Each structure stands twice: as structure tokens, then as C-alpha cells.
Amino acid sequence: MIISRGKGGRVWAAGSRKARSIPQKALGQTQSASALPGTSTIHYEKSWLYRHCSLQQRDRQAQKSGQLFSGLLALNVVFLGSAFISSMIFNHVAITLADVWILLSILKVLCLIWIIYYLLGTSRQPHAVLYRDTHAGPVWIRGSLLLFGTFSILLNVFQIGYSVIQINCKSKVEIVFPSIEILFVATQAFFLWHHSKDCIQVQHNLTRCGLMLTIATNLLLWLLAVTNDSIHMEIESQLREVEQRLAGNETDTCTCPNTTTCKVFQKGYILLYPFNTEYCLICCSVLYVMWKNVGRRISHHHMAHVKPKFKLQGVVFGPLLGAAAVIIGICVFMMYQIQATGSAPNYQVFVLYYSYYIVLLPLMCVVAVIGTIIHTLEKRELDTLKNPTRSLDVILLMGAALGQIAMSYFSIVAIVATNPRDMLNSLILSYSVLLIFQYITQNIFIIDGLQRQPFLSTVPELPGEGRRVSVLELGQEFRRVSLSYIHTYSHLSWKRKALKEISFFLVLCNIILWIMPTFGAHPVFENGLQKSFYGYSTWFAIVNFGLPLSVFYRMHCVGGLLEVYVSA
């Protein structure tokens, strides 16, 4: 008789012309009685209910459902707010700026209620925060969050002061909205500073919905800030012609009076605008990592991983070259601002501005390529552990680079189609092409460095540790350890030296390239070439899309390059 097992654990005995079914219980007793010692037994397949309804599977399904529901909530809030902001731009009568402020104020109040509930209720429950993600919220991200948050609060203070001075032609919403904004920014900065590393283990769905609502609110605030900044740029671009036609005409009673206080509020409000946009984007990135960490259980291997600290050791040429690039860039930026804000922008100041970029960008490309080659020569393994922070860094680097790359390609097409032999046009063409290469090479270098496991240098342990030793013996041991460290550093760490030099140089270069467009240097809009080719409204929309992303890209690259520097 031949015994075989079919689907579902049912066993068949085939030995006659017609197969007959044998009950499993009887068959098991027969086989157990006749089985010899050491022979294999029959292993029955698990049932469908056991396989598909296990505890781990249910937890995973609940996590996916919670992420889907909270993501849909954020998507609907973003679409609603975007519809309000777009309607305000295209139809000032039906939807006013006050209507948008009321909607955003409601969202900010809801976010404040949830943040306070999280601080006082959720995070204080027993076993609420059993794990903390060491990669989330590094010190420079939280430091920039605190810095930009402080400037955002000052921005709203200036806005309140400016509205109070013009209280006769300003609505009360223009005072209430920035007041709520101050409370929202301060509370959110405190929340992210202390809880950005939390892997919350209770109230998963409520926490996910609260985080996604806060992300959507910050995105809408960023969109409104970009829109208002764009409107401000548009007004300033046409201000000279208006002043020439209406010189001496003071019929508008809502203009800023000629007083020092009003001028300070107005200039401070305009100057601090870029910090508000950067603050919103940083908050979105940190909140997204918290959202990914809800319910996450970090393994012991991941928790035992110690990140190296930032130490300014062994780097000389990178800081020197980077400092030179920063100093020269500040001089060029000051000259550009003085000339470009005059009655007629000087032709030479554009030549100087683009020449600085044409000298700096190839150098950045070369060092990024060298750094990538050194990464391939290293024997450090790739870090394959699950890390939401690293995944988000890669997405933000690739996504934010699209803004400047799109602007560069539009500029290339406009120049090639018009007059590429002109000196200024040739400089703009070279500048656009070099920017594309610099973005690509720098992204490859940073992403490759972020995916490598950090090098942790080991210091030889003193054999006299834990017992009393004489001064002479202790001195000999320190000498042996020092010689071993010097030998290791001088003979085995040239690759790490080069990576540190390259990373620090690129950090300083990205800082100066962040400062220049953030504080008002916008030659892509002020040179007039692309604007005359595509039309005012079309090129204005392209710049409005690409410029904020390029500014955010430079700031985000600084954090990524610091990670590469530390891990080297």
C-alpha cells in the first residue's frame, strides 16, 4: 500500500483499483505503532486561518491600514487648502487672503490641540516610548529647526507690528493670524526638539492622523509663503516703473508712512520671509520620519549601533578652500545686491555673478566625483538596516534637485534658441549646464556616503585598566597607545582624510550657495532673458516652482554632507 498526502493535510491510501480515504487519526495511530525509531514523521500543513491571521500579520495589516487612512486625510487637507490658495490667486473677489488665513488658522488650532494632547497624554502613558530612532532628528536638523523657528516668530512679530501701524486699512484677521502662527511655531518647535526620535507604541491611529494633519498644515503654510514671496518679487520687479510714473503722488493711504518703525517692520518682514519657507519644509521632513516610526520596534542590533560624533580633526584644505569660497561669495553677493536693486541693473554685475558660479561649480563637481571614487575604493559595507530617515533623505535630495534642474533646462532652451554667442548668454548657458552636472555628481556622492556603514575607530585598551599601576608604567602604556593611533591614522586613513576634506568643502560651498538666493539674489528672474523668451507669467511660474526647491536643496545637502563627514 502506498500512502500519500494531498492538499489540506488529507491523507490517501492507494493500493487498490479505487483509492479510499483513511481518517487521519486512525492513520496516525497505525503509523506510530509501526514506525521504527529514527524514522521521519508526517508534518501537516498549517491551516489557512493560522497562516493569515497570525499576530504579526495582523499588526502589519493594522499598520498599513493606519498609514493609508492618515495619508488620505493629509491628501484631502492639502487639496482643500491648495484649492483655496489657487482660488485666491486667480480670483481675489470670491476667495480673499483672509479666507485662506481663516482656514489655516483652523488647521493650526487643530494641530495645536493634538500636539498638546501628545505631550501631556500620549507620550506619558506606560510603555508609550520603548524605542527611540537614533538616526531621526540629528542635532543639526533640530538646530536649524530651532533657528528658523525663531526667525519665523520674528517674522510674525514684524507682520503684527506692520499691521498695527496700518490698523485703519488692515483687517483684524491680519493680526490674529500671525498671533496664532507664533503659538503654533513655538509649540511645534518644542514638540519636535524633544520627541523627534520617538517610536510611539500606543494610540497608533490617532498619532498617525495627528502627524499627517500637521504635515499637511505645514505644506499649506509653505505654499502660502511661497505664493506671497512670489507676489512680493513681482511687485518689486515692477516697482521702478510705477515709482517713475507716480512720483510725488500720495493718494494711497495704505502705504507705509515715512517713519523708522514702519520701515523696520516692512524690511524685516521681507528679509525674514525665506526662513519661514525653510522652517515649514524642515518640519514636514521631521514629522514624516516620526510618522514612519509610529509602532516601529527597533532591533537590539539597531539600538546598539553607536553613531560617531562630529569632530573637527584632520581637515585643513577643505575648511580653507570652503572659507575662501564663502568670503568671495559674500563679496559678490553684496556687489550684486547693491547694483541690482538700483534704478537700472548693471550689465557687469550679472557677468560677475555668473562668473563666480562658473568657477565654483566645476570645482564642486570634481571633488564630488573624487569622493564617489573613494567610496568605491573603500571596504565599508552598505548599511542595509531599515532606516526611514535615510530613505527620506534620498527622496528629498532627488526631489528638491528637480526644481533647479528644470529651471536650467528651460534656460538652456531659451538661450540656444535666441543668441548663444552673446557674452552674458554664454555665461548663463555655461552656468545652467554646470548646475545640472553639479547637482547630479553631488547627489551621487551624498547618497553613496549615506548608505555606507560608519567607520568606528577603535582605541587600544590599556592593560593596566582596572588595577593600580605606577606612573612610569602608565606613561609607557600611554606612549604605546599614542604611537599606535598615530601609525593607524597616518598609514590607513588617507581615504577617510580625503572624504572629510571633500565633505567639509562641499558643506561650506552649499552654505554660500544657499545664502545668495535666499536673501534676494535672483538673476534668473532679473536678467530679463528667459522672461522675454517665455513670457512674464510663464517664466514667473517656472521660477516660483524651482527657486524654493533649489534653496531647500542647498540646505538639505548641508545636513547630508555632515552625515557623510561624521561617518568617515
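The values are calculated or read from the model by the stated rules, or taken from the named source; none is laboratory data. Bear in mind that the values here come from a model prediction, so they are computed numbers and not experimental data. Only protein heavy atoms, including side chains, enter the accessible area calculation; ligands, DNA and RNA are left aside. Shrake-Rupley method; radii C 1.70, N 1.55, O 1.52, S 1.80 Å.
In region 164-217, the portion of solvent-accessible area held by carbon and sulfur atoms comes to 68 percent [1.4 Å probe, whole percent, DNA, RNA and ligands not counted].
Converting phi to 3J(HN,Hα) with the Karplus coefficients 6.51, -1.76 and 1.60 and the offset θ = phi - 60°, region 65-74 yields 5, x, 5, 5, 5, 5, x, 5, 4, 5 Hz in sequence order, with x at every glycine or proline. For region 391-402, backbone phi angles converted through the Karplus equation (6.51, -1.76, 1.60; θ = phi - 60°) give residue-by-residue couplings of 4, 5, 4, 5, 5, 5, 4, 6, x, 5, 5, 5 Hz, Gly and Pro being listed as x. Residue-wise HN-Hα couplings along region 516-521, as the Karplus relation 6.51 cos²θ - 1.76 cosθ + 1.60 with θ = phi - 60° gives them from phi, are 4, x, 5, 9, x, 7 Hz; Gly and Pro carry x. Here, region 514-568 yields an orientationally averaged convex hull projection of 4.3 nm² when only Cα atoms define the hull.
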